[in-house]
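Asks: Sharing a structure with you now.
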Amino acid sequence: EPEVTQTPSHQVTQMGQEVILRCVPISNHLYFYWYRQILGQKVEFLVSFYNNEISEKSEIFDDQFSVERPDGSNFTLKIRSTKLEDSAMYFCASSRLAGGSDTQYFGPGTRLTVL
Amino acid sequence: GESVGLHLPTLSVQEGDNSIINCAYSNSASDYFIWYKQESGKGPQFIIDIRSNMDKRQGQRVTVLLNKTVKHLSLQIAATQPGDSAVYFCAESMFSGGYNKLIFGAGTRLAVHP
């Protein structure tokens with residue numbers, strides 16, 4: 001069964017460094033998302049992406065964050081200058097149609113630890 | 001691990017019993033609802049969904065009930081098994097302008113005892 005994959009599974013970085021989290025969505029999906037989950041808290045929406053554009057972003061997704069689909073398969077989340085409070089699990093998700101009409105499938109996540 | 005610092009409501013059941021997990025959602029305009037299961041260290045796994053034009057939907061061993069009047073969603077798991085032990089999240093979504101996001105609830109931990 002097709003699934004969303006994410007790399008790396010765990011990323012440790014120093015505060016102020018840039019990180020890039022990578023995702024390969026399910027191949028026939030058109031809508032892509034990033035969510036995060038701080039330890040002990042609920043999953044929070046960051047950004048949705050369709051047709052090479054951000055379609056919606058949350059207030060968490062400030063100027064330090066960016067997303068890109070550099071080729072036909074990868075979807076990346078970049079954090080330009082990491083802060084301690086960016087430490088969290090980051091989940092990529094994809095859906096075939098707009099999320100309100102179709103299921104979003106999640107990847108296994110990348111655990112980001114900022115020291 | 002994942003459970004450090006986690007203060008979720010916990011439902012403890014015996015193996016073979018039925019489980020009912022409840023969720024109150026926030027937005028009366030939400031029109032699509034999903035239950036996800038999250039095992040320790042893993043991403044949310046889709047279980048079942050329901051649209052606002054329905055009040056009940058059944059899957060394999062799972063049933064979702066939707067009460068729009070009181071903005072309440074429940075997940076029923078029949079004959080609960082040890083493999084069902086996980087944190088369960090409800091999520092709501094509203095189709096708006098062609099794109100939308102999932103809003104997750106706080107989660108409930110299900111502990112199945114043999």
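Asks: Just to be sure I follow the rule: in the protein assembly as shown, considering lysines 8 or more places apart or on different chains, how many pairs have Cα atoms under 14 Å apart?
Replies: Within the protein assembly as shown, the lysine pair count is 5.
Asks: Sticking with this structure for a sec: Once you put a point 7 Å from the Cα of A:Glu53 and another 7 Å from the Cα of B:Lys56, both along the Cβ direction, what distance in nm separates them?
Replies: 4.4
Asks: Additional query: When you look at the Cβ of every residue in A:60-70, what mean number of other chain Cβ atoms sits within 10 Å?
Replies: 0
Asks: In addition: Hey, what do the phi angles of region B:74-83 turn into as Karplus ³J(HN,Hα) couplings, whole Hz, using 6.51/-1.76/1.60 and θ = phi - 60°, x for Gly and Pro?
Replies: Values per residue, Gly and Pro as x: 9, 10, 10, 10, 8, 6, 4, 10, x, x Hz.
Asks: Ratio to report: Rg/Rh of the protein assembly as shown, with Cα atoms as the point set and Rh obtained by the Kirkwood method; give two decimals.
Replies: Across the protein assembly as shown, the Cα-based Rg/Rh ratio is 0.97.
Asks: Now for a separate question. Check A:Glu56: other-chain or 5+ apart residues with amide H under 5 Å from its amide H, H built from backbone geometry?
Replies: Here A:Ser48 satisfy the definition.
Asks: Given axes a ≥ b ≥ c from the Cα gyration tensor, I'd like to know whether region B:10-113 is rounded (a/c under 1.5), prolate (a/b larger than b/c) or oblate.
Replies: Cα axes put region B:10-113 in the prolate bin.
Asks: For region A:39-49, what does the Karplus curve 6.51 cos²θ - 1.76 cosθ + 1.60, with θ = phi - 60°, yield as ³J(HN,Hα) per residue in whole Hz, taken in order and with x for Gly and Pro?
Replies: Karplus values, whole Hz, x for Gly and Pro: 3, x, 10, 7, 6, 10, 5, 10, 7, 10, 9.
Asks: Out of A:Pro8, B:Ala86, A:Val47, whose Cα points farthest toward the positive end of the dipole of the protein assembly as shown (charges: +1 Lys, Arg; -1 Asp, Glu; placed on Cβ)?
Replies: Positive-most Cα among the choices belongs to B:Ala86.
Asks: Between B:Ala24 and B:Lys68, what is 0.36 nm times their sequence separation minus the Cα-Cα distance? Round to one decimal in nm.
Replies: 14.8 nm
Asks: On to the next question. Determine ³J(HN,Hα), in whole Hz, for all residues of region B:11-17 in sequence, where each value follows from phi through the Karplus function 6.51 cos²θ - 1.76 cosθ + 1.60 and θ = phi - 60°; x replaces Gly and Pro.
Replies: Once θ is set to phi - 60°, the couplings for region B:11-17 become 10, 9, 9, 8, 3, x, 6 Hz.
Asks: Name the long-range amide H neighbours of B:Leu11: under 5 Å, sequence gap of 5 or more, or other chain; modelled H, no Pro or chain starts.
Replies: Amide H to amide H, under 5 Å and 5 or more residues apart or across chains, B:Leu11 pairs with B:Arg109, B:Leu110, B:Ala111.
Asks: Give me the number: length gained by fully extending A:Leu39 to A:Ile20, i.e. 0.36 nm times residue separation minus the C-alpha to C-alpha distance, one decimal in nm.
Replies: 4.8 nm
Asks: With a/c under 1.5 counting as rounded, go ahead and sort region A:31-107 into rounded, prolate or oblate using the C-alpha gyration tensor (a ≥ b ≥ c being the square roots of the eigenvalues; past the cut-off, prolate if a/b is larger than b/c, else oblate).
Replies: oblate
Asks: Taking the Cα centre of each part, how many Å lie between region A:51-87 and region A:1-46?
Replies: 10
Asks: Roughly how many Å² is the accessible area per residue of the protein assembly as shown, as a whole number, for a 1.4 Å probe?
Replies: With the other protein chains kept in place, the protein assembly as shown gives 49 Å² per residue.
Asks: Excluding ligands, DNA and RNA, what is the accessible area buried between chains A and B, summed over both sides, using a 1.4 Å probe, to the nearest 100 Å²?
Replies: When A and B are taken together, about 2100 Å² of accessible area is lost.
Asks: At 1.4 Å probe size, with the rest of the protein present, what percent of the exposed accessible area of region A:29-115 is carbon and sulfur atoms?
Replies: 45
Asks: How much FRET efficiency would the formula 1/(1 + (r/R0)^6) give for B:Ala106 and B:Gln45, where r is the Cβ-Cβ distance and R0 is 22 Å, rounded to 0.05?
Replies: After rounding to 0.05, the efficiency reads 0.80.
The values are calculated or read from the model by the stated rules, or taken from the named source; none is laboratory data. Here the structure is a predicted model, which is why all the values come from computation and not from measurement. FYI the Cβ positions are ideal-geometry reconstructions off the backbone, even for glycines, and counts take in every protein chain you see. When the accessible area is computed, the model is the full protein with side chains, heavy atoms only, and any ligands, DNA or RNA have been set aside. Shrake-Rupley method; radii C 1.70, N 1.55, O 1.52, S 1.80 Å.
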